[in-house]
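Student: Submitted below is the structure of interest, expressed as structure tokens.
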Amino acid sequence: MKFDLHTHHFRCGHADGNIRDYIEAAIAADLQVIGISDHTPYFGSEEEHPFPSISMAKSDFDGYVQEVLQLKREYEGKIKVLLGIESDFFPEHANVYQQAMSAYPFDYIIGSIHHVRGVSIFNKNRWKKLTPSEQVADKEEYFNLIRQSAQSGMFQIIAHMDAMKGNYPLFSEIKADEAIEETLKVIAESGLAIEINTSGKTKLCGGWYPSNEILEVAHHYGVDVTFGSDAHKPSRVGDEFEEVAKVLKEIGFKEWVYYEQKQKVAVPL
Ligand SMILES: [Zn+2]
Ligand SMILES: [Zn+2]
């Protein structure tokens, strides 16, 4: 049983294809469940469409949901299409995001930290200006934000947990073991899943988010796991699903999960 909960499409301004292309790619890759999860608009901004190459306009949001719901009906019996979204988490704007999303029947919401202290997690220049102890502080702040997102009650899934290594592979060597462990404890207590996100290969770090070391700690604390390719082109749907399943089994996981109407569905590994 194969599934993929993390996919994008043209609306975000940096992905190829339309939603139907991702569903068709999922069928071609023998998936039984495909989650559509484009980036949320910047609900916390005054502007209608502040970053056209990062996410959809606020006015695109309703059409996005309606299109997924329509395709969900159309593909019934062929593949299960889930209505998801990848939501940014800004503590100061959490309420406005929650309100905007509460009007729609999402199967699940993926919570993502894409900014730390106002700078993109993928901006490698951040690290050049920092002393070693400031680097530790920024890494701890990243995991602090992930903990806050887990405790917000807004999400079912925590996105790409160590994606800050994306364009700065040395991130993994900055010591912040306690912050990571504490974060996984909080995620387990909050009943959320972390995704194994195979899009690391599209960045300098290569590989997956999170690292196997983090997955081992996640397993120790009983954190649920799920799968997301984070495909920004249809050909990446389901990318490395089997390889991830194999490694999870080696670590000791027995199952992974997806969400339907925000209810957890366990899938044996
Ligand atoms: Zn994206
Ligand atoms: Zn993301």
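We did not get these values from a lab; they are worked out from the coordinates using the rules stated. Just so it is clear, the structure is predicted and the values come from calculations on it, not from any experiment. With ideal geometry, Cβ positions are generated from the backbone for all residues, glycine too; neighbour counts draw on all protein chains shown.
Student: To the nearest 0.05, how large is the calculated FRET efficiency for Gln32 and Thr131 if R₀ is 35 Å and r is the Cβ-Cβ distance? Mind showing how you got there, number by number?
Tutor: Working: r = 50 Å, r/R0 = 1.42.
The calculated FRET efficiency here is 0.10.
Student: Where both partners of a DSSP beta bridge lie in the chain, what percent of those bridges are antiparallel, to the nearest 5? The partial results should precede the final answer.
Tutor: On the way: 9 of 31 bridges.
Expressed as a percentage, antiparallel bridges in the chain total about 30.
Student: Next up: Between Glu250 and Glu141, what length in nm is gained on full extension when 0.36 nm per residue of separation is reduced by their alpha carbon distance?
Tutor: Between Glu250 and Glu141, full extension yields an extra 36.2 nm.
Student: Another question, then. Mind putting a number on the dipole of the chain about its Cα centre? Charges go on the C-beta only, +1 for Lys and Arg and -1 for Asp and Glu, and I need it in Debye to the nearest 20. Don't jump to the answer; show the numbers that get you there.
Tutor: Working: 27 positive and 41 negative charges, 51 e Å.
That gives a dipole near 240 debye.
Student: How do Asp162, Asp30, Asp239 line up, fewest other C-beta atoms within 10 Å first?
Tutor: Working: Asp162 24, Asp30 11, Asp239 20.
Ranked by crowding around the Cβ, least crowded first: Asp30, Asp239, Asp162.
Student: Using a cut-off of 16 Å between alpha-carbon atoms, which lysines can reach Lys139, once sequence neighbours fewer than 8 places away in the same chain are excluded?
Tutor: Reachable lysines: Lys124, Lys128, Lys129, Lys165, Lys175.
Student: Oh, and also: For Trp256, which sequence-distant residues (separation of 5 or more, or a different chain) have an amide H within less than 5 Å of its own amide H, given hydrogens modelled in the peptide plane?
Tutor: Distant-sequence amide H within range of Trp256: Val267, Leu269.
Student: Which far-off residues, 5 or more places away or on another chain, put their amide H under 5 Å from the one on Val116, with H placed in the peptide plane?
Tutor: Residues meeting the amide H criterion: Ile121.
Student: Counting pairs of alpha carbon atoms under 8 Å apart in space and at least six apart in sequence, what relative contact order in percent does region 3-268 give? Let's see the in-between values first.
Tutor: On the way: 493 pairs, mean separation 53.7, N = 266.
Normalised by residue count, the contact order of region 3-268 is 20 percent.
Student: Per the Cauchy relation, a quarter of the hull surface: what is the mean projected area of the convex hull of the alpha carbons in the chain, in nm²? Don't jump to the answer; show the numbers that get you there.
Tutor: Details: hull surface 51.4 nm².
One quarter of the hull surface, i.e. the mean projection, equals 12.9 nm².
Student: If the label point is 7 Å along Cα→Cβ of Glu92, which residues in region 23-49 have backbone nitrogen under 20 Å from it?
Tutor: Hits in region 23-49 for Glu92 at 20 Å: 40-49.
Student: Same structure, new question: State the extension gain, in nm to one decimal, for the chain segment bounded by Arg117 and Leu204, taking 0.36 nm per residue of separation less the distance between their alpha-carbons. Before the final figure, lay out each step's value.
Tutor: Values: separation 87, 0.36 × 87 = 31.32 nm, distance 2.20 nm.
Working it through step by step, the gained length comes to 29.1 nm.
Student: Would you please classify the overall shape of region 150-198 from the alpha carbon gyration tensor, given that a ≥ b ≥ c denote the square roots of the eigenvalues, rounded means a/c under 1.5, and beyond that prolate means a/b larger than b/c while oblate covers the rest? Don't skip to the answer; put the middle values down first.
Tutor: Values: a/c = 2.83, a/b = 1.53, b/c = 1.85.
Oblate is the answer for region 150-198, as a/c is 1.5 or above yet b/c matches or exceeds a/b.
Student: Gap in Å between the Cα centre of region 250-269 and the Cα centre of region 110-145?
Tutor: 30
Student: Non-local amide H neighbours of Phe106 (under 5 Å, H modeled in plane, Pro and chain starts lacking H): which ones?
Tutor: Placed amide hydrogens put nothing under 5 Å from Phe106.
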